[in-house]
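Report on the following structure.
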Amino acid sequence: MKRDGGSSHPISMSKKAIHEGVRMGHVHLKVADLERALRFYQGVLGFEVTQKMGTSAAFLSAGGYHHHIGLNTWESAGGEAPAQGTTGLYHLAIVYPTRAELADALRRLIDVGIPLDGAADHGVSEALYLRDPDGNGVELYWDRPQEQWPRNADGELAMYTRHLDLKSLLAVAV
């Protein structure tokens, strides 16, 4: 069955906005090699393992939460990344509390030779884009305080995409 409006059960739009208290939870990724994924998420990015289920799954956290990232090989052991042009996860986004912490993440990537796909200043945030060992897109970013967000003459949000000065970012690394 299709999951779009073209199916026999069209999707209708809700007139009520989602509650402002709703937040995104964890991301759970299918990976080909659990240890390789752990070397990236734990070894490079610094997440802590909160639970490991043998060689098939692990749960990772920042700050003691039960898990922000789940990794498993249940359906993907030895698998390959999805081909370009297929649907699926575009990227997961990891929010850093400060610009200095984002700079530290950039330093970690540089130290182990992980290349960036891109880096951008979006006005509301500064972001680094890369791939994990399984080809999943990863965005590392920090949000500027809301009072610094760019707005147009009508007061509406006016995000943009501009070059991010990586040297300037690295200068504030913790």
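Couple of notes before you dig in:
- When PHE40, PHE59 are compared by accessible area at a 1.4 angstrom probe, the order from most to least is PHE59, PHE40.
- Inter-label distance, nm, simple model (7 Å from Cα along the C-beta direction), SER56/ARG108: 2.8
- Amide H contacts under 5 Å for SER125, placed H, 5+ residues apart: ARG144
- For Rg and Dmax of the Cα atoms in Å, calculated from these coordinates, the label among (1) 14.6, 51; (2) 15.5, 45; (3) 18.6, 56: (3)
- Average Cα contact separation per residue, the chain, under 8 Å, 6 or more apart, as relative contact order %: 19
- Residue with peak Gaussian network fluctuation, the chain [Cα springs, cutoff 10 Å], from ALA17, ALA77, ALA62: ALA17
- Close amide H partners of ALA158, meaning residues 5 or more places away or on another chain with modelled amide H under 5 Å apart, are ARG151, ASN152.
- Loop-located GluC sites (Glu not before Pro) in region 49-106 whose Cβ has at most 13 other Cβ within 10 Å (DSSP): GLU75, GLU80
- Overall form of region 1-101 per C-alpha gyration tensor (a/c, 1.5; a/b vs b/c): oblate
- Fraction of accessible area attributable to carbon and sulfur, the chain (%, probe 1.4 Å): 52
- The residues of the chain expose, per residue, 66 Å² of accessible area to a 1.4 Å probe.
- Accessible heavy-atom area order of TYR41, TYR90, TYR141, TYR160, highest first, probe of 1.4 Å: TYR90, TYR160, TYR141, TYR41
The values are calculated or read from the model by the stated rules, or taken from the named source; none is laboratory data. Owing to the predicted nature of the structure, the values given are computational and were not obtained by experimental measurement. All Cβ positions, glycine included, derive from the backbone under ideal geometry; neighbour counts span all protein chains shown. SASA here: full protein model, heavy atoms, side chains in, ligands and nucleic acids out. Shrake-Rupley method; radii C 1.70, N 1.55, O 1.52, S 1.80 Å.
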